[in-house]
Amino acid sequence: TLEALLSTGNSQSDQRVIDTAQLALGNLHLVLGELTKAQQRFESISEKFAGLSSRAHLGLARIALVQNDVDQAERHLRQSIEIMNEPKHAAVLHARALLAEVELRRNRFAQAISMALEVAAVAQASAAQKPAWTAHWIAARAMQAQGRVNEAVAALHRAIEIIESQSVKLDPSGEGIAFLRERAEPYVSLALTLGTGSRPDLTESFEVIGRL
């Protein structure tokens, strides 16, 4: 278990094992909605290993987004990017996608779309699937906020195509454990977009929900 892994790391004074276990447990608590426990896990991670530290800040940013604290989310996202310092790394691309989410929540729709689509292009070229579909999903919601429904639908379809091309690997240290829950978001957004508006398409809306 993850607790056993943490215990092993502590007994052997192996900081990498300790940080890996804390990251995994933090992501698990986050998925379960246990935000205080998740925050404690993420904040306990050392700065010794860039990849783990970067993901810890990414986790703290996701907590801030759940709490709708966009300023705090932005701070952690920028720290995550700075620590990793590898523009095409999946964690960096995920952080950049979530910066577009920050702009979306600030109602800066044009900026959100531009940032998200830029991330999506780089992520797809780098075969970083989660940042790619996340970016398309964020762009779609910003497009919908601008009334660009057809473009939003196309972006959501693209997000779903990427999701359905993925093989599910539940690696909690890489946030994979959240995949099964988070992957539903573009489907729900697409179903709602298709089922509302001036010309709702309820048939396709129900078909999308059936693919969950």
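Let me confirm something: among A97, A73, A112, which residue is in contact with an Asp or Glu (Cβ under 6 Å, 6 or more places away or on another chain) and either in a helix (DSSP H, G or I) or open to solvent by 20 Å² or more (accessible area, probe 1.4 Å) (or both)? Write out each step before concluding.
On the way: A97 fails: in contact with an Asp or Glu (Cβ under 6 Å, 6 or more places away or on another chain); A73 fails: in contact with an Asp or Glu (Cβ under 6 Å, 6 or more places away or on another chain).
On inspection, the qualifying residue turns out to be A112.
Checking the condition of a type in the set (D, E, K, R) and closer than 18 Å to E185 by Cβ, which residue from E82, E161, E118, E86 passes?
Matching residue, one of E82, E161, E118, E86: E161.
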State whether the residues of segment 58-65 include one that is open to solvent by 20 Å² or more (accessible area, probe 1.4 Å), under 20 Å from A159 (Cβ atoms) and not polar (S, T, N, Q).
yes
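Within the group P200, P186, which residue is surrounded by 19 or more Cβ atoms within 10 Å (Cβ to Cβ) and either touching a Pro at 6+ places or on another chain (Cβ under 7 Å) or modelled with pLDDT under 90 (or both)?
Only one candidate qualifies: P186.
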Subset of segment 11-39 [more than 17 Å from S80 (Cα to Cα), modelled with pLDDT of 90 or more and either β-branched (V, I, T) or open to solvent by 60 Å² or more (accessible area, probe 1.4 Å) (or both)]
E34, T36, K37
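The values are calculated or read from the model by the stated rules, or taken from the named source; none is laboratory data. All of these numbers come straight from a predicted model, not from anything done at the bench. Cβ: placed from backbone, ideal geometry, glycine included. Neighbour counts: every protein chain shown. The area values use the complete protein model at the heavy-atom level, side chains included, leaving out ligands, DNA and RNA. Shrake-Rupley method; radii C 1.70, N 1.55, O 1.52, S 1.80 Å.
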